[in-house]
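First the structure, in the form of structure tokens, and then the observations on it.
None of the figures in this text is laboratory data; all of them are computed from the coordinates on show. Nothing here was measured: the structure is a model prediction, and the numbers come from that model. Backbone-built Cβ (ideal geometry, glycine too); neighbour counts: all protein chains shown.
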Amino acid sequence: MQPLIALTTDFGPGSTYVAQLKGVLLSAVPQARLIDLTHSIPPHDLKAATLFLRSTAFGLPLETTHLVVVDPGVGSARRPIAVRARGINFVGPDNGVLSIATSQPQAQVVELNRPEYFSAPVSPTFHGRDLFAPAAAEIASGVPLDQMGSTISDPKPTCLPQAQKSGDAIYGETLGCDRFGNLLTNVPASWLSEGCSVKVNHESVPMFATYSEAPNDRLFALIGSDGYLEIALREASASVQLGAVEGIRIECSSNPEHTAQ
Amino acid sequence: MQPLIALTTDFGPGSTYVAQLKGVLLSAVPQARLIDLTHSIPPHDLKAATLFLRSTAFGLPLETTHLVVVDPGVGSARRPIAVRARGINFVGPDNGVLSIATSQPQAQVVELNRPEYFSAPVSPTFHGRDLFAPAAAEIASGVPLDQMGSTISDPKPTCLPQAQKSGDAIYGETLGCDRFGNLLTNVPASWLSEGCSVKVNHESVPMFATYSEAPNDRLFALIGSDGYLEIALREASASVQLGAVEGIRIECSSNPEHTAQ
Amino acid sequence: MQPLIALTTDFGPGSTYVAQLKGVLLSAVPQARLIDLTHSIPPHDLKAATLFLRSTAFGLPLETTHLVVVDPGVGSARRPIAVRARGINFVGPDNGVLSIATSQPQAQVVELNRPEYFSAPVSPTFHGRDLFAPAAAEIASGVPLDQMGSTISDPKPTCLPQAQKSGDAIYGETLGCDRFGNLLTNVPASWLSEGCSVKVNHESVPMFATYSEAPNDRLFALIGSDGYLEIALREASASVQLGAVEGIRIECSSNPEHTAQ
């Protein structure tokens, strides 16, 4: 058995903190296989981390353990938690970053409050190394969650703004952008109907199925690979063109007459 | 058996796209060992990707499977292909990025045209996840190429400019630079003779065997570790000094009299 | 047996040089597990590499082999060495970067001077690939150090400035900063007594146990997670505020009266 442990942090690629997490995990579970999911979450950016996990967390094999350390409140009263949802385990701070897991039906959530599973002494500034990584190692080794701590029923919700429906209209916004400048939104593809219209900052944009169908010089919308509406510009950056990343207003309507200019 | 799968992408280190590729590969082949070769190819930069694979692709162990996703034409008519050359497998788009493999003697090239090996539905914007990664997983698990698709004989050639010979002279150019500012060229070391002269932008530069032999303040040429001529500046950046990365003219002559100033 | 090989380089994440090291290591020891510790050491920065290894090298499991390639003197007379200390192996250049290992009690240090363990020919510009990686592969496979080369007793010492004690006072300096702008110093926590005072650039700063106890707008000191004094600014960058990274003067006194302003 070579358990998989997937790492998501804001420590920066190649930082000493990541190296220390790896040392703790491999020392505790020498046969573990570590997967660097990302260490490029901007420092303390809970939104970016939540968005990252939205599109990646449940794509790993069953029984993977996610170790998520994006923890601006380290040393404060925020709870350390572990979550099990859809056969995947998660360990991290209870600051909303694990909401993609805690919000799943039948998610099991425990507060990691049994010091026998921590490294002693716990550094007040590095729970990732002394608390979360040891707990992740235990869980990856097969220790059940209910042995790791007490069940809680009020994990912190997501910090991402949610899209809203109002009659035929959907009101959403951009949440971030990828390396190519494509803007990710909070509008689920499942809310959109065939032939719906899309406006970005009150301007209509056409919708295409692929990047290669779109003209080179005009913003367009498409369904992104993670199941949400995306705003893109072919072979250029939609984010640069719009001069923003987050909070750009998106409006969709299933009835084009209502929103045509 | 723990097959090796080596990843080369332009997705950026720590991007969600890389994480999703890893999820697909590990879900399909749980015992696979993933090697991050690079995710730092500049977006859509086929030249950089081709150059990267030139110095790295055949250094991996026999039976490694390379998954290469640098794919500006995703969703267009470019073919997805798999290649087997010198005991190494490659999966990626047929846009020239796999030319280091397709140009090998006795390379086997197939078009990946059997949808039973893809994830359904294939997202029109993310063939990496839905088409290339599933195919790489099959090939890494031992499925032979001729079962994965139809043999083709016209894979796209390299997009890198090639050096030219004319009498005693060799005309080449720089193709890129490394982190230290050393400029990589397309002049193969095997074309150079003992005592040949080298000019960069029409200026003669001395040739040294090692960085440490060179003076601190002057451009020089050397044979780079991947078997091509390199232009360097000791403990400084040749690229910064010359103000360019690609397309700097290189001229070599096996007869110094012909090119001396 | 799947030996662990941990990589620390200044090649940049995703560089061809890293990919080539991985190819050599996996070709020599196909079952090896490679751990990317960091490839983000600034080019040729021996201080940064030494500092990185200070907080990470001994956190890996026993029998791990560290391959460390930060080698501004490649091709010069600096010796290639291997070190064994506290049950961990190290391979790299003798330029001080392995001083955290060579300075351990009972460290074993050998010069790697047996060409039969190198790749032939050794590129004069890439000892990482042709000399250090092959040696690391041998050592990771179980070849004892005394078989790899001749014992030496004068490895190069650290390039990091050391803190000094003078009576009740400790004089140190900052050595670098982490991604969050926290400044790392050379003052060992073990030198500090309860209630000691700390001055940064001659200005007193308070000391707190955790980031979250500190006020938002003022520099403070704390014991960092690697056992040295750190200078921080809550949810902001101490380094940006002080306008420097290295060489900021730190003074501590176990007797506050001596240093109060």
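Normalising the average separation of contacting C-alpha pairs (under 8 angstrom, six or more residues apart) by the number of residues puts the relative contact order of chain A at 15 percent.
When the P(r) of the stretch C:146-230 is calculated, the portion above 16 Å amounts to 60% of the C-alpha pairs. Along the axis of the charge dipole computed for the stretch C:147-261 (Cβ charges of +1 for Lys and Arg, -1 for Asp and Glu, origin at the Cα centre), the listed residues C:Leu184, C:Ala214, C:Pro155 are led at the positive end by C:Pro155. Put simply, when C:134-144, C:161-171 are sorted by average Cβ atoms within 10 angstrom per residue, most first, you get C:134-144, C:161-171.
Evaluated with a Cβ-only charge set (Lys, Arg +1; Asp, Glu -1), the stretch C:162-249 carries a dipole of roughly 120 debye about its Cα centre, given to the nearest 20. Considering only beta bridges that DSSP places wholly inside the protein assembly as shown, some 75 percent are antiparallel.
Taking a label point 7 Å out from Cα toward Cβ, give me the nm distances from A:Asn216 to the same spot in the other copies, shortest first, one decimal. Once sorted, the set of distances for A:Asn216 reads 4.7, 4.7 nm. The residues neighbouring B:Lys156, those whose beta-carbon lies less than 15 Å from its own, together hold a net charge of -1 under the Lys/Arg +1, Asp/Glu -1 convention.
Over the protein assembly as shown, what per residue volume does the convex hull of the Cα atoms give, in whole Å³?
Dividing the Cα hull volume of the protein assembly as shown by its residues yields 183 Å³.
Each of B:Thr151, A:Thr8 has some number of other Cβ atoms within 10 Å of its Cβ, and from fewest to most they run B:Thr151, A:Thr8.
Using Cβ point charges alone (K and R +1, D and E -1), the dipole size of chain B about the Cα centre works out to roughly 460 debye. Amide H contacts of C:Ile35: C:Ile5, C:Ala6, C:Leu7, each under 5 Å away and 5 or more positions distant or on a separate chain (H built 1.01 Å from N in the peptide plane; Pro and chain starts excluded).
Which value, in Å to one decimal place, does the Kirkwood hydrodynamic radius take for chain B when every pair of different Cα atoms is included?
That comes to 19.7 Å for chain B.
DSSP beta bridges fully contained in chain C are about 75 percent antiparallel.
A point 7 Å from Cα along Cα→Cβ stands in for A:Ser190, and the other copies hold the same point at 5.7, 5.7 nm, listed in rising order. Taken as Cα centroids, the stretch B:32-68 and the stretch B:166-238 sit 24 Å apart, rounded to the nearest whole angstrom. Each peptide in C:200-206, A:49-55 gets a packing score, the mean of other Cβ atoms within 10 Å over its residues, and the list from highest to lowest is A:49-55, C:200-206.
Sorted from closest to farthest, the other copies place their A:Glu235 label points 4.4, 4.4 nm away, with each point set 7 Å from Cα along Cα→Cβ. Would you work out which of A:Ser141, A:Val24, C:Val205 lies farthest towards the positive end of the dipole of the protein assembly as shown? Charges go on Cβ: Lys and Arg +1, Asp and Glu -1. It is A:Ser141, whose Cα lies furthest towards the positive end. For the residues of A:167-179, the average number of beta carbons from a partner chain within 10 Å of their own beta carbon is 1. Pairs of Cα atoms in the stretch C:114-261 fall into 10 Å distance bins, from 0 up to the last occupied one, in shares of 10, 31, 19, 15, 18, 7, 0 percent. Peptide C:240-253 has a mean of 0 when you count, residue by residue, the C-beta atoms of other protein chains within 10 Å of its C-beta.
Looking at the stretch C:61-130, the DSSP beta bridges with both ends there are about 75 percent antiparallel. Considering the rotation that superimposes chain C on chain A, the residue of C whose beta-carbon lies nearest the axis, and that distance in Å, is C:Pro13, 3. By the scheme Lys and Arg +1, Asp and Glu -1, what is the net charge of all other residues having a beta-carbon under 11 Å from that of C:Pro43? Charge balance near C:Pro43 sits at -4. Computed from Cα positions, the angle between helix C:16-28 and the longest principal axis of chain C comes to roughly 50 degrees. Per-residue ellipticity at 222 nm from helix content only, as computed over the protein assembly as shown with -39500 (n - 2.57) for each DSSP H run of at least four residues, stands at -4500 deg cm²/dmol. Under conditions of 4 °C and 1.567 mPa s, the stretch B:132-192 yields 83 µm² s⁻¹ as its translational diffusion coefficient, taking Rh as the Kirkwood radius over Cα pairs in the Stokes-Einstein equation. The charge dipole of the protein assembly as shown, taken about its Cα centre with unit charges on the Cβ atoms of Lys, Arg (+1), Asp and Glu (-1) only, comes to about 720 debye. Summing charges over all other residues whose Cβ lies under 11 Å from the Cβ of B:Arg218, with Lys and Arg as +1 and Asp and Glu as -1, gives -1.
Neighbour counts of other Cβ atoms within 10 Å put A:Met1, A:Met207 in the fewest-to-most order A:Met1, A:Met207.
Centre-to-centre, using Cα atoms only, the stretch A:101-128 and the stretch A:138-160 are separated by 7 Å.
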